[in-house]
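Single-structure report; data block below.
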Amino acid sequence: MSYRPLTPETLLDYLQTREAMNDRLPPDETYRVREVGDGNLNLVFVVESEQDPRHTVVVKQALPYLRVVGESWPLTRERVVYETEALLLYNRHAPGLVPEVYDHDYEMSLLVMENLNRHEIMRKPLVRRVKFPNFAEQISTFLARTLFYTSDLYLPATEKKALTERFMNPELRKLQEDFVYSHPLMDAPENNWNPLVDDLVQEVRKDGELKERVTWLKEGYMTHAQSLIHADLHTGSIMINQEETRVIDPEFAFVGPAGYDVAAVIQNLMLNYAAHFAHTEDPALRADYQGWLLATMREVWTKFAEKFEALWVAEGDRGELAPQGYWDYPGGEADFARFRRHYLDRIFQDVVGTAGTKALRRMMGIVSVWDISSIEDPEKRAVAERFAIRVGRRWVKEMEGIRDIDAMLDVVREETEAALA
């Protein structure tokens, strides 16, 4: 079947031609179809039986252009292949932490998957100050398992190189290279920012020390084929409830720097922290929730590092970075422990600088985050934006000196005191 964009009116007829859907969507039932896509790239449909709530799926179809801009910005439909292949891999390495894939049709640039209708996109409940007790535990498991099992620490060299080739994803990588690292720090037509923070935006764009560090981080993003990364793991790509966390939308996936996904999670929690300067006027309520966010950021890193290292110790002799027997000599166990520590230290340095870079791009690039863009009063929004820019700038410029997660979060605490002074 040749490619055509589907609509709520044509989707059911298409699904009835798919053998994999016979059990998921029995043909003797009637269905509601809604188009719910509010992202930047794709069509997303929810299909629900009117007779049996168990018979429901989500259908995602790639459009041949960047939806947030329109048909004037063409974009490959091949991104649905990367998303599907990443989800299948994630289901193997981190089962229960991503939606199940039911069917895919690469000619139609289409993916059919589990409807996470007991979950909601994480971003909005964070604005409502909802606390999720299992989030740090579960997202750190996802990060540790997906980043370890797709790295040279676990994979034989031929498998790792094949994985890298399989997930080249050049067009979407180019989008991130431009929209995360370069365009926000220069004069680019798509950039958008609050005029009330223009002074700080222009100051950052002329900060040569910062721009040099961001350029080195971009070079790592472009060349450091460390692990298969989601590459767009913000709180809009996480669905959650009080018991469960699910990661969605890995269409940007490629083999890149392992710290990128960890940085994305921490940075998005920091931006939500910033948003509460406007969303939560009561100082006690704000301090309580911001305290939970800080504790969660800390847990994400510490739990990730612990789990990643534990996997490495237990299963690292399969990979070829340091093959079996490499540390087998008197004193080798201590040397191996030191190398693991240094490896994680280097990931952490990437986390700090990348989190800062991504925070800056959200405040002065093409797309902000709903946590902050939903603040209607531009003066109140400017308080949150100025805070985020100051934290992001310091994370980038001080990345070599920030040696642990507590020092990283001290920057947030110090800028909080300055914002409230």
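Taking first residues from region 374-390 that are without any contact (Cβ under 8 Å) to a residue 24 or more places away in the chain and partners that are surrounded by fewer than 21 Cβ atoms within 10 Å (Cβ to Cβ) and not charged (D, E, K, R), no Cβ contact under 7 Å between residues at least 6 apart in sequence or on separate chains turns up.
When region 372-421 is examined, which residues are found to be among the basic types (Lys, Arg) and under 18 Å from Val262 (Cβ atoms)?
Correct list: Arg403 only.
Please count how many residues of region 78-120 are free of Cβ contacts under 8 Å to residues at least 40 places away in the same chain, within 15 Å of Gln61 (Cα to Cα) and surrounded by fewer than 17 Cβ atoms within 10 Å (Cβ to Cβ). Summing the residues that are free of Cβ contacts under 8 Å to residues at least 40 places away in the same chain, within 15 Å of Gln61 (Cα to Cα) and surrounded by fewer than 17 Cβ atoms within 10 Å (Cβ to Cβ) in region 78-120 gives 1.
To keep it simple, each residue is scored yes or no on (1) at positive phi; (2) outside the structural domain of Val367 (by TED's automatic domain parsing).
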| site | (1), (2) |
| --- | --- |
| Val81 | no, yes |
| Arg92 | no, yes |
| Gly96 | yes, yes |
| Tyr106 | no, yes |
| Phe135 | no, no |
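Restricted to region 302-335, and to residues there that are of a type in the set (A, V, I, L, M, F, W, C) and not in a helix (DSSP H, G or I), the residue that is modelled with the lowest pLDDT is Ala322.
Condition check ((1) free of Cβ contacts under 8 Å to residues at least 12 places away in the same chain; (2) part of a helix (DSSP H, G or I); (3) among the hydrophobic types (A, V, I, L, M, F, W, C)) across all residues:
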residue	(1), (2), (3)
Glu171	no, yes, no
Val180	no, yes, yes
Pro184	no, yes, no
Trp193	no, no, yes
Leu196	no, yes, yes
Val204	no, yes, yes
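The one condition from (1) of a type outside the set (Phe, Trp, Tyr); (2) closer than 30 Å to Val391 by Cα; (3) surrounded by 15 or more Cβ atoms within 10 Å (Cβ to Cβ) that Leu285 does not meet is (3).
In this structure, Glu299 does not qualify as buried (at least 24 other Cβ atoms within 10 Å of the Cβ) and either in the same structural domain as Phe179 (by TED's automatic domain parsing) or not in a helix (DSSP H, G or I) (or both).
The values are calculated or read from the model by the stated rules, or taken from the named source; none is laboratory data. Quick caveat, the model's predicted, so the values are computed rather than measured. Ideal geometry is used to build each Cβ from the backbone, glycine not excepted, and the neighbour counts take in all protein chains shown.
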